[in-house]
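Note sheet for the following structure.
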Amino acid sequence: MKKLLLKILLLFPLFTFSQEKGLDEKFNEWFKPISDAWGGIVFYPVTFPGGVQMPLVIILLLSAGLIFTVIFKFVNFRRFPTAINIVRGKYDDVDHHEADKKAFVNQVDGDIVDTIAIEGKEGEVSHFQALTAALSGTVGLGNIAGVAIAISLGGPGATFWMIVAGLIGMSSKFVECTLGVKYRDIGKDGTVFGGPMYYLSRGLAETGKKGLGKVLAVVFAIMCVGGSFGGGNMFQANQAAQQFNSMIGASSTSAGVVFGILMALLVGVVIIGGIKRIGKITEKIVPFMVGIYFVAALVIIFANIDLLGHAFYQIFDGAFNAKGITGGLLGVLIIGFQRAAFSNEAGVGSAAIAHSAVKTKFPASEGLVALLEPFIDTVVVCTMTALVIIITNGDGSIMEYGVKAPDGVLATSKAFASVIPWFPYVLTLAVVLFAISTMLSWSYYGLQAWMYLFGRSKVSDYSYKVLFCIFIVIGSAVSLGAVTDFSDAMIFAMAVPNLIGCFLLFPKVREELVRYIKAIKR
């Protein structure tokens, strides 16, 4: 830890110098063409009637969710109560009892994956910890700033389509996280290695597509590492630093560096402990920060309870009768779908990495837990934000529908402050906590991908963690818009190899679901 701190402190003059000389702006100018080219590929737009556009990757994500919802007979609704009971621990005795090993054989490359739990190495975290670890990677600034921007563009009706897309995304999470547990690998010391890298390489090898599986796994891992440094790290640190500095009235580069160092120390202490420590922290941070945000939203709603009915009317009416919105009904639908996809990342494959570490011998049990993630992230948190904005924007003081809000965080802050004057301070705390929790989860995602590419050595482990902490300071101190745009494209590029694997392996998911349902009915 001392060596990590020393390396970060040594970088302090470099960051200050780079800001004074404007090197970050020059780097942005140099890197922007690369970022734009890559973003143009990943977010290739499909134009619909009315001139509205939607990135092809978002269409793929939503289509996958809809197809899996149908294939698994609306598992997102039918098995919702079962998912709640799993998190509550109702089926723990079933999940941990000794079972017939013949029913669990799944041997790939010499590893009997499904007997790992029976052999005594069942994973590293509980169902609840795995859920909160994954949630911490998705519940964040998108729920605060992204929702405000979506509503400013699509009006209240965008909220309805966000909810629909969130419900559809639950099925994608179920599929990818079931596969994550089924094909995970566990080291001799009990450390879990899982995620799309493993079910792409191992799962597709089972189906006779070993070469394709390895290629897709490597592509996914490369994208995941890049995304972890950018969107899962620098962007989070940058937004948290800006919000914090605006509250204390600081604007210098030095203030950003100091904030970044403190953030790097906090995150570094946690991630050095691995997924067990990350799980212990996120199981406290996530309910706390969502609770704070939820209570504040309820205060706004109850203070304006007479306007709640009209807010819901605006949501449903705007969803099917969009006036003054570019593209009309289709435009509102696309805006809502895009916001949900960016918010919960269902189908991207990132959450499967966190859920793979769960203590279970039934992969489908964690797949069912995972479907709660888009529900909490999109259906609950995003909807609460939307209601607050719609209720407080009755006089148009927060935003003009159909015109993009320049700053989503500011719009949400104004909405809350209209009833709770001191809420910007609470929002600052929420933004910082959201940023920290997101960085914790993405540090684990990136580390798993890094070690898949470079091996499971101590050198590989600590080299990634040191780099991750350094990027926190960089993100807090300088403006690297083109880099974060590039990394966002890398995150969504993960969806392509992941969805290919999910479509080819969904019969395995069906088998696991049937096996688990039989087990809990005994």
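Placing pseudo-labels 7 Å out from each Cα toward the beta carbon at Y44 and L56 gives an inter-label distance of 0.2 nm. Distances between every pair of Cα atoms in the stretch 368-495, grouped in 10 Å steps from 0 to the bin holding the largest one, split as 10, 28, 33, 21, 7, 1 percent. Of the cross-linked pairs K73/K521; K73/K214; K280/K359; K280/K521, those separated by over 22 Å at the C-alpha level are K73/K214; K280/K521. Listed values for the stretch 419-428 are Karplus-derived 3J(HN,Hα) couplings in whole Hz (6.51 cos²θ - 1.76 cosθ + 1.60, θ = phi - 60°), namely 10, 10, x, 8, 4, x, 6, 5, 4, 4, and x replaces Gly and Pro.
Spin-label model, K404 to N321: label points 7 Å out along the Cα-to-beta-carbon direction sit 2.9 nm apart.
May I ask you to derive the relative contact order of the stretch 172-211, considering only C-alpha pairs under 8 Å and at least 6 residues apart, and to give it as an integer percent? Kindly include the intermediate steps, with their values, before the conclusion.
Values: 35 pairs, mean separation 12.9, N = 40.
That works out to 32 percent.
A simple spin-label model places pseudo-atoms 7 Å from Cα toward Cβ; at I420 and D36 they are separated by 4.2 nm.
Accessible surface of W161, taken over heavy atoms with a 1.4 Å probe and every protein chain present, rounds to 30 Å².
How much length would be gained if the chain were fully extended between L262 and D306, taking 0.36 nm per residue of separation minus their Cα-Cα distance, in nm to one decimal?
Numbers: separation 44, 0.36 × 44 = 15.84 nm, distance 4.40 nm.
Computed gain between L262 and D306 is 11.4 nm.
Taking a sphere under 12 Å around the Cβ of W38 and counting the other residues whose Cβ falls inside, with K and R at +1 and D and E at -1, yields a net charge of -2. Considering the stretch 284-389, its Cα convex hull presents a mean projected area of 8.6 nm². Mind giving me the FRET efficiency for D93 and V514? R0 is 30 Å, r the Cβ-Cβ distance, nearest 0.05 is fine. Approximately 0.90, to the nearest 0.05.
The values are calculated or read from the model by the stated rules, or taken from the named source; none is laboratory data. Just so we're clear, the structure is a prediction, and the values are computed from it rather than from any experiment. Here the Cβ is made from the backbone with ideal geometry for all residues, glycine too, and neighbour counts use every protein chain on show. Only protein heavy atoms, including side chains, enter the accessible area calculation; ligands, DNA and RNA are left aside. Shrake-Rupley method; radii C 1.70, N 1.55, O 1.52, S 1.80 Å.
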